[in-house]
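Structure first, commentary second.
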Amino acid sequence: MNPDFNPSDIERSAQAAWSAADAYRVTEDEAKPKFYACSMLPYPSGRLHMGHVRNYTINDMLARQLRMQGMNVLMPMGWDAFGLPAENAAIANKVPPAKWTYDNIAAMKAQMQAMGLAIDWSREVATCAPEYYKWNQWFFLKMLEAGIAERRTQIVNWDPVDQTVLANEQVVEGRGWRSGAIVEKREIPGYYLAITRYADELLGDLAKLPGWPERVKVMQENWIGKSEGVRFAFPYDLNDPLNAAHRATKGSSLPAQGRLYVFTTRADTIMGVTFCAVAPEHPLAQHAALANPEVAAFIEECRAGATNEAALATQEKKGVATGLYVEHPLSHEKIPVWVGNYVLMSYGDGAVMGVPAHDERDFAFAKRYGIDLLQVIHVDGEHFSYDHWQDWYADKERAVTINSDVYSGLSHRLAVDAIAAALEHKGLGGKTTTWRLRDWGISRQRYWGTPIPIIHCETCGTVPIPEKDLPVVLPEDLIPDGSGNPLARHAAFVNVACPRCARPARRETDTMDTFVDSSWYFMRYCDASNDAAMVGGGTAYWMPMDQYIGGIEHAILHLLYARFWTKAMRDTGLVDFDEPFTRLLTQGMVLNHVFSRPTPQGGIEYFPPDEVTPTHDANGQITGGTWRDGSRVEYGGVVKMGKTERNGVDPQTLIERYGADTARLFVMFAAPPEQTLEWNDAGVEGANRFLRRVWKFAAKSVHGTRAAPAPVRWTSAAKTLRFEVHGALRQVSYDYERMQYNTVVSGAMKLLNALETHAAAADADGAALREGFGILLRVLYPVCPHTTWVLWRELGYEIELGGLLDAAWPEVDEQALHQDEIELVLQVNGKLRGAIRVPANTSKHAIEAAALASPEFARFAEGRHAKRVVVVPGRLVNIVL
C-alpha cells in the first residue's frame with residue numbers, strides 16, 4: 001500500500017468503486033428489518049454550508065452502522081426547490097428561476113457526492129419537477145372533495161413590494177421578511193386547509209412520540225395552543241344615549257343591537273373589566289371610524305403595524321377610544337370600547353376584555369391612557385399598588401375574588417364555574433375550548449411554486465381541473481421583474497377553456513405555499529418512480545420514518561404541517577399510520593467568530609474570520625482584531641455561521657484541502673449532535689492528524705500481516721490489548737445506539753492509542769494487533785468511510801470478512817474482558833506514586849499487603865508506617881501515612 005496519506009486519491013478511488021457497484025441503491029426487502037433515516041431536504045441555494053455537512057454526516061453515520069448490523073437502510077435526498085429565493089435570484093440575474101434552481105441542484109449534488117454520503121440517488125426528487133408537484137395538485141383536489149380544502153376570504157398580511165400574502169411568521173417588526181416593505185392588511189380570497197379540524201389529534205398524538213425532543217413537543221403544543229376558558233358577550237345598543245354619536249353612521253351596516261364576544265381563561269376577574277379592546281378590522285372599530293376621524297387615522301396606522309403575536313408581545317401598546325360603549329353582562333355597567341394595535345382579528349373574536357388590575361398588558365395600556373383599575377382578586381400577605389405591576393396580580397393559584405358582588409370570596413376555579421354558569425343562564429356565553437392554531441392559508445401570489453389546479457369561469461364559478469389533465473405545468477421560461485406574479489400576465493397559461501362548459505375561462509394564478517412541497521416529500525422518496533400513484537408499496541414498507549434529522553428552526557411549522565398532511569392522507573385512504581416520524585433529532589447549529597465594524601453610512605461591514613488576526617486580553621479572551629490591511633475590527637462573539645456575517649466555512653474548500661473524511665470527523669467529534677458546534681481551525685487540523693496516524697499505523701504495523709487462527713492461549717500483552725480494544729468496542733457500540741457520535745470518535749482515538757502502545761512493545765502480538773485494527777476500521781468506517789474502505793481492502797480484511805459496506809458489526813468478546821491480572825493505581829497520601837499488578841481475584845487483605853510490600857511505597861514512605869490502607873476495588877490503593 002501507499003505509505004503516504006493522500007485524501008484526494010483515497011476518496012476518488014472509494015467513490016468510483018461505490019458508484020460502479022451502485023452500492024447505495026436500496027430496494028424493499030421483507031426478509032430484513034427496515035430502517036428509514038432521512039435528513040430534511042435542503043433548499044438548492046447553490047452551495048452546501050457546514051450545517052448541511054453536519055446534518056448529513058449524522059444521517060450517514062447512522063445509516064452505515066445500521067447496515068453493518070444487517071438492517072435494510074434507506075437514506076434518500078431531494079430538493080425543496082420552489083420558493084421566493086429563486087425568484088429574487090431571477091430578478092437579480094435576469095434568468096428564469098428554473099435555470100438558477102437546476103444549476104444549483106447540480107452543484108450541490110456534486111458537493112454531496114464529494115462527501116461520500118450513502119444516498120440512494122435513484123430516489124432523488126425535486127419539488128419543482130412536474131412529476132412531483134402533480135401529486136400536490138392531485139391531493140389538493142382530494143382535500144377539496146373531502147372538505148379539508150376550501151376557498152374563502154380572510155384578512156391577510158400583504159407585502160406591497162413582493163406583492164404576495166405572508167404568513168404571520170414571515171412578518172418581522174411589521175415588515176416583509178425578504179423585501180423589508182411595510183406589510184399591509186388586506187382582505188383577499190384564497191385557499192385554506194382545515195388543519196384546525198385536527199388540532200385535538202395533533203395535540204394528543206404528541207404523547208405518541210417518545211422519540212422526539214421534549215422541547216420540540218412543547219413548542220408544537222404551544223403553537224397549537226389549546227385554551228379552556230369562557231367565551232361570552234358584552235351586549236351593545238347603538239340607540240343607547242352614550243352611543244348617540246354613532247346611532248346612524250352613514251355607510252355602516254352594523255345592526256343597532258348586537259354583541260361583542262370575547263374569550264378569557266380568567267373569568268374569575270370579569271368584575272374587574274374597565275374597558276374592551278377590539279382589533280382595527282373589527283366591525284365595531286370600522287363603524288366608529290366612519291364617524292370619528294381619529295379612529296380612522298389610527299386604523300390606517302395599524303395597517304402597517306405588527307401582524308404576528310411575537311411582534312405584538314414586544315411592540316408598544318397603543319390605542320384610541322371609539323366613543324362606543326358596551327354593557328357588562330353581569331354588572332350592567334357601561335364599558336368603553338377601544339381599538340388596540342395589540343389585538344389581532346385573526347385570533348378568537350378579534351376582541352379582548354380589559355382587566356388592567358390583573359393583566360400586565362392591560363395594566364400598561366390603562367396606565368398610559370388613564371383607564372380605571374379595579375382590584376378583584378386578593379392574595380393573603382400581598383399589598384396591591386395602583387402605581388406599578390406586581391406578578392402576583394395575575395396569580396390564579398392563590399387568588400380569592402374580592403369586589404365581585406355575589407362572586408366574592410371564591411377561588412379561581414370556583415369563581416370561573418359560577419360566572420360561567422351565570423353567563424350561560426343569561427344566554428350570553430359559557431365554557432368553551434379555543435385553539436391558537438389557525439387554518440393553513442396556502443395561496444401565494446408568486447410564480448415559482450405549484451400551480452393551484454383551479455379554473456375560474458364566469459358561468460360555472462370555480463372549477464377544479466379534471467384529474468386526467470394533471471399536472472397543471474408551470475411554464476419554466478418566465479423571468480419575474482418584481483412587479484407581481486408574471487403568471488397573471490402570461491396569456492398562454494391564464495386563458496383556457498372551462499372544463500365544464502367549454503367557454504373562455506381563466507386559470508388560477510396563485511401558487512401553493514412551499515410548505516406544501518415539504519409536507520410529504522419523505523413519502524415520495526419511498527415511491528419516487530411511481531407514475532400511477534402518489535404513494536404505493538414503498539411507502540407501506542418504509543413509513544413511518546424511523547429517524548428524522550433537521551434543524552430546530554423547523555420544529556413548529558414544517559413538522560406540524562407534515563403531521564397534518566399525514567393525517568389527511570390517512571383519512572383519504574392513502575396511508576394507514578397516524579404520525580410520519582418515529583424519532584426526531586434536531587442537530588445543533590455550527591457557530592463561528594464574527595468580526596465587523598460600522599460603515600460611514602451607518603451600516604455594518606463584516607470580515608471573514610480567516611482574514612482577521614485576533615487580539616486578546618490578559619485572560620486570553622478575544623477583544624477585537626486586525627484585518628489583513630492592518631485596520632482594526634470589532635469582535636462580535638461566536639454566532640451561527642451565515643452569509644451576512646461572512647463567518648461561514650466553505651465545505652468544498654475544506655474537502656479540497658483536507659479531504660471529506662477530515663471534514664466529517666471534525667463535525668462529529670467537536671460536539672454532541674444536538675449541541676451547537678463552535679468552529680475551530682485547530683480542531684480540523686487535529687482531525688486530519690488523527691487520520692494520518694491511522695494511515696501511518698496501517699502501513700507500518702498492519703500491512704503485510706495476514707489473518708491467523710486465534711491462539712489457544714493469548715500472550716499477556718495480547719490479553720491487555722484485547723481487554724482495552726473490546727472494552728472500547730462495548731462503549732462505542734453503546735454510543736452508536738444513542739447517537740452520541742462525538743464519543744464514538746473519542747472511542748476510536750482510544751483504540752488507536754492502545755494499538756500504537758501495543759505495537760511499540762517488545763512482546764507485541766500480531767494476531768491481537770490485526771484483530772484490534774480490524775475493529776478500529778469498522779468503528780471508524782461510518783464517520784470516515786473513504787479512508788477505512790481503502791485500508792480495509794488494502795490490508796486484506798475484505799478477503800477475510802467481506803466488503804466493509806456490509807461487514808458485520810464487530811461483537812464484543814466477553815472473554816477478552818475477563819483479566820487474569822489487574823493493574824491498580826498506587827497512591828500514597830492521595831498522590832499518585834505508581835501501580836501494582838495483582839491477580840484479578842485477589843482479596844482485599846492481599847491487595848493491602850501487596851501495596852505495602854511494593855518498592856514504590858518503600859521509597860515514598862521513608863521508613864514511616866501506614867496508618868491505614870484504602871482499597872477501591874478494580875481501581876486503586878491509597879496508603880495513608
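Some observations on this one:
- Of the residues Y447, Y386, Y548, the one with the fewest other Cβ atoms within 10 Å heads the list, and the complete ranking is Y386, Y548, Y447.
- Folded to 0 to 90 degrees: helix 293-302 orientation relative to the chain principal axis, Cα: 20 degrees
- Rounded to the nearest 0.05, the FRET efficiency derived from the C-beta distance between W392 and A296 at R0 = 41 Å is 0.55.
- Filtered trypsin sites (Lys or Arg not before Pro), segment 41-147: DSSP coil and at most 10 other beta carbons within 10 Å: K94
- Mean-position separation - Cα centroids, segment 684-739 and segment 825-881, in angstrom: 32 Å
- Sorting C457, C276, C501 from the fewest to the most surrounding beta carbons within 10 angstrom yields C501, C457, C276.
- Formal net charge of residues neighbouring R738 (Cβ-Cβ distance under 14 Å; K, R +1; D, E -1): -1
- Distance between the 7 Å Cα→Cβ label points at T626 and A762: 5.5 nm.
- Pairwise FRET efficiency - R503 versus R368, Cβ, R0 = 60 Å, nearest 0.05: 0.55
- Value of [θ]222 nm, deg cm²/dmol, for the chain, DSSP H segments ≥ 4, -39500 (n - 2.57) each, nearest 500: -10500 deg cm²/dmol
- Footprinting exposure proxy for L254, L166, L755 (fewest neighbouring C-beta atoms within 10 Å first): L254, L166, L755
- On the beta carbon distance between A110 and R570, with R0 = 30 Å, the FRET formula returns roughly 0.20.
- Neighbours of A245, meaning other residues whose beta-carbon lies under 15 angstrom from its beta-carbon, give a summed charge of 0 when Lys and Arg score +1 and Asp and Glu score -1.
- Angle of helix 660-669 to the longest C-alpha principal axis of the chain, folded into 0 to 90 degrees and rounded to 10: 80°.
- Spatially proximal aspartates and glutamates relative to K99 (Cα-Cα < 20 Å; intrachain offsets below 8 disregarded): D80, E87, E124, E131, E476, D477, D481, D517
- Under 15 Å from the Cα of K640 - aspartates and glutamates, other chains or at least 8 residues apart: E553, D650, E674, E678
- Spatially proximal aspartates and glutamates relative to K700 (Cα-Cα < 15 Å; intrachain offsets below 8 disregarded): D4, E756, D765, E794
- Legend: distances between Cα atoms for K226/K317; K696/K750; K317/K367; K226/K431; K750/K831; K431/K567; pairs beyond 23 Å are K226/K317; K750/K831; K431/K567.
- Which listed pairs, of K396/K426; K109/K134; K142/K468; K32/K109, have C-alpha distances above 18 Å, in listed order: K396/K426; K109/K134; K32/K109
The numbers here are math on the coordinates, done by the rules we state, and not lab data. All of these numbers come straight from a predicted model, not from anything done at the bench. Neighbour counts are summed over all protein chains in view; Cβ atoms, including those assigned to glycine, are modelled from backbone coordinates with ideal geometry.
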